Amino acid sequence: MSDGFDATAAKSEVYRPRPETIANYTVPDYSSLRQQAAADPIAFWDAQARELVDWYEPYEQTLDVSEKPFYKWFTGGKINIVHNALDRHIKSWRKNKLALIWEGEDGEQRTYSYFKLWKEVNRFANILKSMGVRKGDTVTIYMGRVPELPIAMLATAKIGAIHSVVYGGFSERALGDRIEDAQSKVVVTCDGAWLRGKTVNLKDITDEAIQHSPIVQRVIVLKRTGQQVNMEAGRDFWWHELAALPIAGPYCNTEPMDAEDPLFILYTSGTTGKPKGLMHSCGGYQVHIAATLKFAFDIKEEDRWWCAADPGWITGHSYIVYAPLILGATSFMYEGAPGYPYPDRWWHLVEKYGVTILYTAPTAIRGLMRFGEAWPARHDLSSLRLLGTVGEPINPEAWRWYFNVIGKQRCPIIDTWWQTETGGFMITPAPVTPLKPGSATLPFPGVEADVVREDGATCDPNEDGYLVVKHPWPGMARTVWGDPDRYRQTYWSDFSSQEWYFTGDSARRDEDGYFWIIGRMDDVIKVSGYRLGTAEVESALVSHPSVAEAAVIGVPDELRGHAIHAFCILKSGETGDLALTDALKAHVRHEVGPIAVPAVIEIVESLPKTRSGKIMRRLLKARVMGQPAGDTSTLEG
Ligand code: PRX
């Protein structure tokens, strides 16, 4: 069932690049680059690995397929992402160039030159060491959108430890599960985070989360909001107090890592209940993200790059923290939400800091669009030269608004399709690619994507099918943390060849070869660009004492892309009144986090199931959307 926008409506609409865009683009002939890379993807990635990053020791093999699907890239090479993101710039003229500009929700401003950021990272790396963190250990980071979050990530990577960042919007249960799964002895958090003028009690949530995790020995707490928190002697330490100690010196060696050593774990939702910790590697990941940011967004020395995601998601990991620093760019980061505390806060920031490239999610664009054109019109947005989007299909209406009202028809829209699993962009235009609103256009050089039928045959133009990737790429997640079988099962077992990566998305390709992403085919819902598994919300609902069974679906929502619609069967004797549905919403908020709260909770007597007992969410969806039920032959009699 397709519930995306009607792609055919926008198909005839093509926006060609302006001559000056073509003249200024970093690659003289992008189509030839794509063609060459298609003919020999390994040679393309090899060239990027040589050009964009430094190696302590060169690799012996670009791609090792001997243990597929556990592909290895750049084997034998020694590298550290922090050397490429920071250390090498300190030895160059970029030492005093701005790496990061940050503005808090309350208007506080901070700037970090490469030199300053490097020193802060070194200090925190020394602090981590003094807390007993060693190469190969995991560190869980649970913070708001403050510069210390990237600092903590970079410091962890510098000493060869593995970070697991948990988005600050998750609740204690979700945080606790992730700490347990990653077995982190050290957690880094804040007293609180600012969110729309209110504080979120991150330290309290951390305390609750680790109550059941005896593994946690040390908690480092950044003071951000200044609120009262509980500090347990011997376990909890203030960041600023540690930073004032002699152990927190501004020099720290960077640990040379094997290309295939783990760099980080990032949890994401899948079909089954337990979120999976995708593991990314030290070598291939950085090559992939640096190459994609360079070609897709044409990053230049003088750019002011604003990726408006949260560092706690893959978009933030790859394109707030690592790739811009590797390329020596200047990034801007904002603590608050779009449109807070006033509707033109973002446009004010673009003007104030001279942002040249803005990269955000369709849901944010739709939200800002609602305020009307008068808000952006108050600002000089002429610094912008490129605009980007990610996270869900962008509806042509939002695309056109972004293009016309924000970009004044000058700025190409770079619609990047990718996933937590892919590490970096996979299908994306470059600034010189002719654009069609709503299409992520064409695969990045060296990426072999296709749309196939169930039997693996390539679909005809405009035929819906499974989106697959047929050749390994360097940024690919290497495994599911602690569960390699799940990795193989989830991503590599769907087609007989077992050599294609299964994305979980459906898509179609038009007669020009342009990709149109339709949406998820599995039980994953994208709400405001956030990825949630139906099973996560369902298990939160059934953990409430009044609920016997639950099913959750995503229904199209104008603003959020999808909204969660839940169906609950109550235990006998329970009444489904407003008080109960409110209590259930509060319960989901507590168990998973605010992003998982259903927009609607419907109390039902039964749920449609297959004869083998699987809930037929497809039928529930058809019912909510007033569509025909389709094939019901497997429905329980
Ligand atoms: O369904 C696709 C959608 O987001 C999913 C990946 O979600 P996540 O791992 O949270 O990563 C989001 C940021 C990379 C995909 O399977 N998606 C992502 N980008 C796009 C998209 N759908 C359509 N167009 C996009 N540009």
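The values are calculated or read from the model by the stated rules, or taken from the named source; none is laboratory data. Remember, predicted model here, so these are calculated numbers, not experimental data. Methodologically, a virtual Cβ is constructed for each residue, glycine included, from the backbone with ideal geometry; neighbour enumeration extends over all protein chains shown. Accessible surface is based on the protein model in full, side chains and every heavy atom, while ligands, DNA and RNA are left aside. Shrake-Rupley method; radii C 1.70, N 1.55, O 1.52, S 1.80 Å.
Of all the numbered requirements in (1) part of a helix (DSSP H, G or I); (2) out of contact with any helix residue (DSSP H, G or I) (no Cβ under 6 Å at 6 or more places or on another chain); (3) open to solvent by less than 20 Å² (accessible area, probe 1.4 Å), residue 554 misses one, and that requirement is (1). Is there a residue being within 16 Å of the ligand (Cβ to nearest atom), touching a helix residue (DSSP H, G or I) at 6+ places or on another chain (Cβ under 9 Å) and in contact (Cβ under 8 Å) with a residue 60 or more places away in the chain anywhere in segment 446-463? For segment 446-463, residues within 16 Å of the ligand (Cβ to nearest atom), touching a helix residue (DSSP H, G or I) at 6+ places or on another chain (Cβ under 9 Å) and in contact (Cβ under 8 Å) with a residue 60 or more places away in the chain: present. Contact map, segment 585-596: residues that are free of Cβ contacts under 8 Å to residues at least 40 places away in the same chain paired with residues that are outside any helix (DSSP H, G or I) and open to solvent by 10 Å² or more (accessible area, probe 1.4 Å), Cβ distance under 8 Å, separation 6+ or inter-chain. Pairs shown: 585/597; 585/601.
So, residue 388, is that one in a loop (DSSP other than H, G, I, E, B), within 11 Å of the ligand (Cβ to nearest atom) and within 23 Å of the chain's Cα centre (by Cα) or not? Answer is no for this residue.
From the list 579, 596, the lone residue that is open to solvent by less than 60 Å² (accessible area, probe 1.4 Å), modelled with pLDDT of 90 or more and out of contact with any Ser or Thr (no Cβ under 7 Å at 6 or more places or on another chain) is 596. Applying the criterion of being over 20 Å from residue 277 (Cβ atoms) and open to solvent by less than 20 Å² (accessible area, probe 1.4 Å) to the residues of segment 493-512, the residue that is farthest from the ligand (Cβ to nearest atom) is 495. Against the list (1) of a type in the set (Lys, Arg); (2) modelled with pLDDT under 95; (3) more than 16 Å from the ligand (Cβ to nearest atom), the condition residue 470 fails is (2). If you filter segment 604-618 down to residues that are surrounded by 15 or more Cβ atoms within 10 Å (Cβ to Cβ) and modelled with pLDDT under 90, you find that the one that is nearest to residue 547 (Cα to Cα) is 615.
The residue pairs whose first member lies in segment 269-283 and is at positive phi and more than 12 Å from the ligand (Cβ to nearest atom), whose second member is modelled with pLDDT of 95 or more and open to solvent by less than 20 Å² (accessible area, probe 1.4 Å), and whose beta carbons are closer than 9 Å, counting only pairs six or more residues apart or on different chains, do not exist in this structure. A count restricted to segment 54-82 and to residues that are within 17 Å of residue 157 (Cβ to Cβ), open to solvent by less than 60 Å² (accessible area, probe 1.4 Å) and in contact with a strand residue (DSSP E or B) (Cβ under 7 Å, 6 or more places away or on another chain) stands at 7. Mind counting the residues in segment 505-523 that are at pLDDT 90 or above and either out of contact with any Gly (no Cβ under 8 Å at 6 or more places or on another chain) or of a type in the set (A, V, I, L, M) (or both)? Result for segment 505-523: 10. If the condition is being open to solvent by 30 Å² or more (accessible area, probe 1.4 Å) and either more than 9 Å from the ligand (Cβ to nearest atom) or of a type in the set (Phe, Trp, Tyr) (or both), then segment 523-543 contributes 523, 528, 530, 539, 542, 543. The strands (runs of 3 or more DSSP E) falling completely within segment 28-142 that include 2 or more residues that are farther than 26 Å from residue 192 by Cβ and either free of Cβ contacts under 8 Å to residues at least 60 places away in the same chain or basic (Lys, Arg) (or both) map to 61-64.
May I ask you to list pairs of residues, at least six apart or on different chains, whose Cβ atoms are under 6 Å apart, with the first in segment 597-611 being assigned to a strand (DSSP E or B) and the second being open to solvent by 40 Å² or more (accessible area, probe 1.4 Å)? Every condition considered, the pairs that remain are 603/576; 609/636; 610/634.
If only residues of segment 398-444 that are assigned to a loop (DSSP other than H, G, I, E, B) and small (Gly, Ala, Ser) are counted, the one that is nearest to the ligand (Cβ to nearest atom) is 440. Of all residues in segment 250-272, those being at pLDDT 95 or above, assigned to a loop (DSSP other than H, G, I, E, B) and β-branched (Val, Ile, Thr) number 1. Whenever a residue of segment 365-382 is under 13 Å from residue 401 (Cα atoms) and assigned to a loop (DSSP other than H, G, I, E, B), its partners that are β-branched (Val, Ile, Thr) and open to solvent by less than 40 Å² (accessible area, probe 1.4 Å), lying with C-beta atoms within less than 6 angstrom and at least six residues away or across chains, give the pairs 373/405.
Conditions tested, residue by residue: (1) within 14 Å of residue 450 (Cβ to Cβ); (2) open to solvent by 10 Å² or more (accessible area, probe 1.4 Å).
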position	(1), (2)
470	yes, yes
473	yes, no
476	no, no
482	no, yes
520	no, yes
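At least 1 residues being at pLDDT below 95 and among the polar types (S, T, N, Q) is the threshold, and among the strands (runs of 3 or more DSSP E) wholly inside segment 152-214 those reaching it are 198-200.
Within 17 Å of residue 242 (Cβ to Cβ), charged (D, E, K, R), over 23 Å from the mean Cα position of the chain (by Cα) and open to solvent by 40 Å² or more (accessible area, probe 1.4 Å) - does that describe any residue in segment 174-186? Within segment 174-186, one or more residues are within 17 Å of residue 242 (Cβ to Cβ), charged (D, E, K, R), over 23 Å from the mean Cα position of the chain (by Cα) and open to solvent by 40 Å² or more (accessible area, probe 1.4 Å).
Just a yes or no: is a residue in segment 480-494 part of a strand (DSSP E or B) and either closer than 30 Å to residue 551 by Cα or over 22 Å from the mean Cα position of the chain (by Cα) (or both)? Among the residues of segment 480-494, at least one is part of a strand (DSSP E or B) and either closer than 30 Å to residue 551 by Cα or over 22 Å from the mean Cα position of the chain (by Cα) (or both), which makes the answer yes.
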